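Values quoted throughout were computed directly from the atomic coordinates according to the rules given, and no laboratory measurement underlies them. Not measured: the values here are computed from a predicted model. As a convention, Cβ positions derive from the backbone with ideal geometry for all residues, glycine included, and neighbour counts pool all protein chains shown.
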Amino acid sequence: MTVTLLHRPGLARIRTARAPLQLLCLGFVALVVLAALLAPWLAPEDPNAVDLGNALAGPSAEHLLGVDASGRDTLSRLVTGARTSLLGPLGVVAFSTLAGVAIGVTAAWRGGWLDSVLSRSTELVFAFPGMLLAILIVSVYGEGLLAPVIALAIAYLPYVSRLTRSLVLAERTRPYVEAYQVQGHSGLQICLRHVIPGIAPVVLAQSTINFGYALIDLAGLSFLGLGVPALTPDWGRMVFDGQSAIQHGYPLSAILPCAAIVLTVVAFNVVGERWADQVARRDR
Amino acid sequence: MTTLAIQAYRLHLPNTARPVLAGVDLTVEARETVALVGESGSGKSLTSRSALGLLPTGAGTEGTVRVNGDDVLTMTGDQLRALRTGTAAMIFQDPRAAINPLRRLGDFLTEGLNGRLAAGAATERAAEMLDAVGLPASVLGRYPGQLSGGMLQRVMIAGALMGDPALILADEPTTALDVSSQAEVVALLDDLQERFGTALLFVTHDLGLAAAISDRVYVMYAGRIVETGPAEALFNRPRHPYTAALLASTPRPDAPGGRLAAIEGRPPSLREALTGCPFAPRCPLATFLCTQQEPALLAVEAESARRAACHHSDRTGANDG
Amino acid sequence: MSFLRFAARRLAEMAATLVGASFVIFGAMYLAPGSPASFLLAGRSASPEALAAVNAQYHLDEPFLLQYLRWAGQILHGDFGRSITYRTDVSRLLADRLPATLLLVAMALVLVVTLGLLLGWIGAVRGGRTDATVLVGTTVAVGTPAFVAAVLLQGLFAVRLGWFPTGGTGEGFGSMVWHLVLPAVALALYLTGMLARVTRAAMLDVLGQEHVTVARSRGVTEYQVIRRHVFRNALGTVLTTGGLIVSTLLVCTVLVETAFSVGGIGQLLELSTTTKDFPTVQAISLIMVGLFMAVNLIVDLLHPLVDPRITLGARKATG
């Protein structure tokens, strides 16, 4: 099957044309993650050092990417901001993936009332867009990263659990599962050792795409001033700060965090989608 | 005038080592039923689709494919459309896949006319054609999902008749149907062909069915016509080992023993160039000559209407069976 | 199953989900640390008058379920309680601000549907370089959050070029539309990209099906093949994104209205969240969820019209 695919003219061209894009995106993801990890050493200045006399200055040897309306170094804020901007989505994805897989596997394996409760509650959560749920929770708990992360994780959970459920239902019908059952392996063992590793690539590819969406939602919340605390550098917050700078005719300090958000989300989306494509092609 | 005349027709696809069709000669006279027989991948569907100008993307062609004297391969878009809505029509293998499941069958029947008739007249004609294939006019308002496969193939046939064509191409029209519908559809095609006076090219892998329905038969292998002749003569004594093998693998009520012989080996791949006779690797009669030189399609003995492309056509079929 | 029975059942299901959602919205205030009364007053001077008002609205001394039923009953009568920040009826606030938001969402929806379907169509049908351009454009659009688009559009078209107002709502319908052009574009960008991708993928899927070849073989013109067969058949898949599109539009009004200072319910939600005006947050959340579910209901009812293979009531089995 692969042989015929390779010989299809259109596909071969697309594959060579797309591979560099995939690599580029993967490289960008690695770069951003590295910047976030090494932020304290990479940031040239204290990201919160205010210098009002120097406000909105353009790029210079001292401040490579200029400073914002409060005279804070944009490069340092971008690099440090990568930490909170990535940590939040990571929390959302980690929680929603773990809990979603657990719920999805259980519902598919056990079926019955558990399955119908799941699909009912899924419908309820679908009625709540993640952002609205997060705003509701923040309005109760107040600012901070934890409340919106949990709210978004709950909002994303049904997507993961539904995907997992359908994958497990398909996997269950495969002959090897019955073979293990006949040999006396417990359902839990079969799930942990064979079913979950089998479906993991598909779920993780979806989670990579969810990472991009979570980043968008969380950056939006901090743009509203509802996410991270005010002083913590964060890309969404930087866009908010930059909005007034734009209105004074100094767009750079807003454009840079905008670009950081868009590029990171696009990179995660491309990597996730390519991965999902590859997994789907391999499974066929 | 010959309704369909294909001459020295060659068709190349990108990234293949040999032409998919390597010099096909085939004619269908007016009011004649001709069968084109071969395994899947032999090029029989490509040949029949070429008569409507339906070529795969990137295909290169040589030779001529004339329908009522006009070469389809050099037609402009408008001419092709006129051909497809009027002169020639095709019946496809699987009516479930061939008819848009989301649209009413009335729309399916009338859309091919492409506005040549007023809406009312088109619907009237559609009802007439449905009647001709033995379906009530109420089918017009139905969706494909509401009909059985056999009924849907009748709708497909009615659709082919809408433009009053001179030539109908039937591409394995019974393969996707259950056994009882198959016989019905074949009988219906036979009946309609006579009633409407169209020429019919019947593409099938079933040599027995081909012999039953057609006046003449072409047998195709690896993009070539390997044998042709009147259906009965070809059926009684094949002159090409491939035809003989096909016959041996066709269930026949009169055959003793009732054991079917499958043809060993596979048809040659499109990624390998061919030398000699393409059937040689699977042929029980193959000699050194067969692996070196491709046999031409030549008249067999005194029978002028019979031709076979085999170095050993005189040895074939004699002690078959 | 008849259409009416199907509609009635979906309506009942929607009502059940709405009750569940309202339960979550009402119950959320019990998650707050401290007593509900102190949370609702949010550190404001607990004047006897304010305390009495909160008590009157929520009956905090009664059991939880009874409180919820009272609250829900009041909402059914159009009484969303009193805003703590604005010291006026929440329903008055909503009535003032809902038109701007609905107009904004409608304008964005028109953009999303026309541009999304058009780009998806062009990408699928043209292929080659055009398709590659559409793919790159939609990939970037899908990666651009509404508030980023809002800030950048505002910076370029309002501040730098001065073509549009930088913000505000405007007086009168014409001025309102004028003020909402940039916000609508910012709101529509992401969803246009998404809809174009869904449309493109669905149309490519249909293009590979045999009935398309058959239609061509029957002399149907290429435009009609694309419109009546490819696009028509892709529409069912496209329609399933309707609920997501509307819910995203509604929620993202929070970001876009805040960025452009549009006086709609999105901005009100942001303001009342930061000022801890919980009755207002509750009301807006409920309205957004309700609108979203109403759209979902409409999509569900439209689906059998678009796809005759879907027999009414069999939806659950497939979905």
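Observations
- Rounded to whole Å, sorted largest first: equivalent-ellipsoid semi-axes of chain B, Cα gyration tensor: 35, 22, 17
- Projecting label points 7 angstrom from Cα along Cα→Cβ for residue A:37 and residue B:97 puts them 5.0 nm apart.
- Ordering B:288, C:147 by the number of other Cβ atoms within 10 Å of each residue's own Cβ, fewest first, gives B:288, C:147.
- Pairwise centroid distance, computed over Cα atoms, of the range A:212-272 with the range B:165-192, Å: 65
- Percent of alpha-carbon pairs separated by more than 27 Å within the range B:7-146: 35
- Alpha-carbon centroids, the range C:185-209 and the range B:201-239: separation in whole Å: 49
- Here the dipole of chain A is about 1440 debye; that uses its Cα centre as origin and unit charges on the Cβ of Lys and Arg (positive) and Asp and Glu (negative).
- Each listed q (0.12 Å⁻¹) maps to a log10 I(q)/I(0) for chain A, found by the Debye formula over equal Cα scatterers with no solvent: -0.86.
- Placing unit charges on each Cβ (+1 for Lys and Arg, -1 for Asp and Glu) gives the protein assembly as shown a dipole about its Cα centre, and among C:181, B:278, B:9 the Cα reaching farthest toward its positive end belongs to B:278.
- Across peptide C:159-170, the average count of Cβ atoms from other chains found within 10 Å of a residue's Cβ is 1.
- Taking the Kirkwood radius as Rh and the Cα radius of gyration as Rg, the protein assembly as shown has a ratio of Rg/Rh equal to 1.07.
- The mean count of C-beta atoms from other chains within 10 Å of the C-beta of residues in A:245-255, rounded to a whole number, is 3.
- For the range C:176-267, fraction of C-alpha pairs farther apart than 22 Å, in %: 46
- Spin-label model distance (nm) - residue A:230 vs residue A:193, 7 Å beyond Cα toward Cβ: 5.8
- Working note: 222 nm ellipticity from helices only, DSSP H runs with n ≥ 4, each -39,500 (n - 2.57), summed and divided by the residues of chain C, gives -24000 deg cm²/dmol to the nearest 500.
- Reducing the range B:1-64 and the range C:257-278 to their Cα centroids gives an inter-centroid distance of 69 Å.
- Here the alpha carbons of the range A:125-284 define both size measures, Rg and Dmax, at 20.6, 73 Å.
- Across peptide C:292-303, the mean count of Cβ atoms from other chains lying within 10 Å of each residue's own Cβ comes to 1.
- P(r) of the range B:169-219 over all Cα-Cα pairs, binned every 10 Å from zero, in whole percent: 23, 63, 14
- Modelled FRET efficiency - R0 41 Å, residue A:172 with residue C:223, Cβ distances, 0.05 increments: 0.35
- Ellipticity at 222 nm from helices only: DSSP H runs of n ≥ 4 in chain B, each -39500 (n - 2.57), divided by the residue count, give -8000 deg cm²/dmol.
- Residue B:195/residue B:74 FRET efficiency (R0 30 Å; Cβ-Cβ; nearest 0.05): 0.35
- Projected area, mean over directions - chain C, Cα convex hull, nm²: 21.0
- Ranking C:219, C:93, C:194 by Cα position along the charge dipole of chain C, where only Lys, Arg, Asp and Glu carry charges on their C-beta atoms, puts C:219 farthest toward the positive end.
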